[in-house]
1. Just checking, does region 97-107 include any residue being small (Gly, Ala, Ser) and assigned to a strand (DSSP E or B)?
2. If LEU44 meets every condition in (1) touching a residue at least 12 places away in the same chain (Cβ under 8 Å); (2) surrounded by 16 or more Cβ atoms within 10 Å (Cβ to Cβ); (3) out of contact with any helix residue (DSSP H, G or I) (no Cβ under 7 Å at 6 or more places or on another chain) apart from one, which number is that one?
3. What are the residue pairs meeting all of these: first residue in region 106-134, first residue β-branched (Val, Ile, Thr), second residue modelled with pLDDT of 85 or more, Cβ atoms under 6 Å, and 6 or more apart or on different chains?
4. When you look at ILE147, is it among the β-branched types (Val, Ile, Thr), open to solvent by 80 Å² or more (accessible area, probe 1.4 Å) and at pLDDT 85 or above, yes or no?
5. Taking only region 110-130 into account, find how many residues are assigned to a helix (DSSP H, G or I) and modelled with pLDDT of 85 or more.
6. Of all residues in region 87-102, which are over 18 Å from PRO50 (Cβ atoms) and modelled with pLDDT under 90?
7. Looking at (1) part of a loop (DSSP other than H, G, I, E, B); (2) open to solvent by less than 50 Å² (accessible area, probe 1.4 Å); (3) of a type outside the set (S, T, N, Q), which is the one condition that is false for LYS90?
Amino acid sequence: MSSAAEFTAIYLQYKEADTHCHQLYVKENASKSSCKQKPTGRTLYVLNVPPYATEEALQHAFSSAGEVDRVVLQEKPSSKESAPIEVMPKDRVCFKVAYVVFAKPGALKKLLKSKSLNPLHSSEKPLLTGVAKWTNAYQERIPNPAILQQEIDQYMESYDKKIEDQKAEQSNNAVDDDGWVTVSKKNSGVFAQKQTVVKKLEKKLDEDRSTKELRNFYTFQIRESKKDDIISLRKKYDRDLKKMEQIKKAKRFKPY
């Protein structure tokens, strides 16, 4: 745990003309064990970071001492100085902890000696707060009609082209009534005969045979047909006689 005596108080202005300032408490993040996210000699540990301060604004503020490699915000201090940085969500509004990593070790020493920071807000690096921030966020949610229309046109154009390609592919692979498939460059090297097509062809062949076959057209066909009819009538007559005899026997009176 760090003690209060180890920290240095540095004033942070929102604008250059502000007379009232916010205080940050900083110290060098010294650790015996190495951590890639917090390189020794180049990492500054910062407490009491205000809720409206962003990583970009803090990077601009601490660049008064030299080039800043990166700024990472956390909701709470790490349990150990060598612990990995836990990045907090950007929409979280609270006082934060920051780890400022300078590009060179001399920049960190220069900042602790000068104790001066750039303002968070400037014309080159604006930091919006309050109503201006809410208004800007609301305006960003409203899409530009011209850009929106352009995106819609591009999407519809790509969608129409996709549908046309699908229809062309389906028409190329369509099977006609005779089971033939139109061959194109895309499907010229592929032959796939479906089971439904095979059944359809077999059914069509059967129908063709039945329509082509002529019954009772020739004389011998008529003669054979009449002979078959007479034989079937005789067999039916014999069956009927046997059936009548069985009925008579069943109804005969037998007293003993």
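The values are calculated or read from the model by the stated rules, or taken from the named source; none is laboratory data. Bear in mind that the values here come from a model prediction, so they are computed numbers and not experimental data. Virtual Cβ from ideal backbone geometry, glycine too; neighbours counted across all protein chains shown. Ligands, DNA and RNA are stripped out before the accessible areas are found, and what is left, the full protein with its side chains, is counted by its heavy atoms. Shrake-Rupley method; radii C 1.70, N 1.55, O 1.52, S 1.80 Å.
1. Initial filter on region 97-107 (small (Gly, Ala, Ser)): 98, 103, 106-107.
From what is left, the residues that are assigned to a strand (DSSP E or B) are 98.
Checked against the condition, which is being small (Gly, Ala, Ser) and assigned to a strand (DSSP E or B), region 97-107 yields at least one hit.
2. Result: LEU44 passes all but (3).
3. So the pair list comes out as THR129/TYR52.
4. Details: among the β-branched types (Val, Ile, Thr): yes; open to solvent by 80 Å² or more (accessible area, probe 1.4 Å): yes; at pLDDT 85 or above: yes.
So ILE147 passes the test.
5. Our first condition is that a residue be assigned to a helix (DSSP H, G or I); within region 110-130, this holds for 110-114, 130.
Add one more test, that the residue is modelled with pLDDT of 85 or more, and what stays is 110-114.
Count: 5.
6. Of the residues in region 87-102, the ones over 18 Å from PRO50 (Cβ atoms) are 87, 101-102.
Passing the criteria: only VAL87.
7. Failing condition for LYS90: (2).
Yes or no, residue by residue, for (1) open to solvent by 40 Å² or more (accessible area, probe 1.4 Å); (2) over 31 Å from the mean Cα position of the chain (by Cα); (3) within 25 Å of SER3 (Cβ to Cβ):
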site	(1), (2), (3)
PRO39	no, yes, yes
VAL49	no, yes, yes
HIS60	yes, yes, no
SER63	yes, yes, no
VAL68	no, yes, no
LYS104	yes, yes, no
